Amino acid sequence: MKKVVKEWQKKSIKEIENEINKIREEIAKLRIEMKVNPPKDTNILIKKRKNLAVALTILTQKKEEETLKKELKIKKE
């Protein structure tokens, strides 16, 4: 899990947002596919959702860091 978090932290905000959209689309497709024909790996939906949660958490952290940096620059001036 640490490797996954490190990979997400290296990406920019726009890259993370794009990946989040892709994961959400995959989850939607998986839900439909699982009802039609169950896959061999029944845990795949849970794994995708966890990956989405990690991505959303990292995105929030990056946005907060960005706002804090902007506030600090304003205070210095």
* Rounded FRET efficiency, nearest 0.05, which uses the C-beta distance separating Leu30 from Lys62 and R0 of 25 Å -> 0.40
* Asked: Once you charge only the Cβ atoms, +1 for Lys and Arg and -1 for Asp and Glu, what is the size of the charge dipole of the chain about its Cα centre, to the nearest 20 debye?
  -> 200 debye
* Structure fact -> Plugging the Cβ-Cβ distance of Lys69 and Lys22 into 1/(1 + (r/R0)^6) at R0 = 30 Å yields, to the nearest 0.05, a FRET efficiency of 0.60
* As a check on your grasp of the helix formula, calculate [θ] at 222 nm for the chain: sum -39500 (n - 2.57) over DSSP H runs of n ≥ 4, divide by the residue count, round to the nearest 500. => -30000 deg cm²/dmol
* Structure fact -> When the chain is treated as a Gaussian network with springs between alpha carbons less than 10 Å apart, the largest mean-square fluctuation among Lys22, Lys35, Lys48 is found at Lys35
* Let a ≥ b ≥ c be the square roots of the eigenvalues of the Cα gyration tensor of the chain; is it rounded (a/c under 1.5), or, if not, prolate (a/b larger than b/c) or oblate? -> prolate
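Values in this text are rule-based calculations from the coordinates and carry no lab data. These numbers come from a predicted model, not from an experiment. Backbone-built Cβ (ideal geometry, glycine too); neighbour counts: all protein chains shown.
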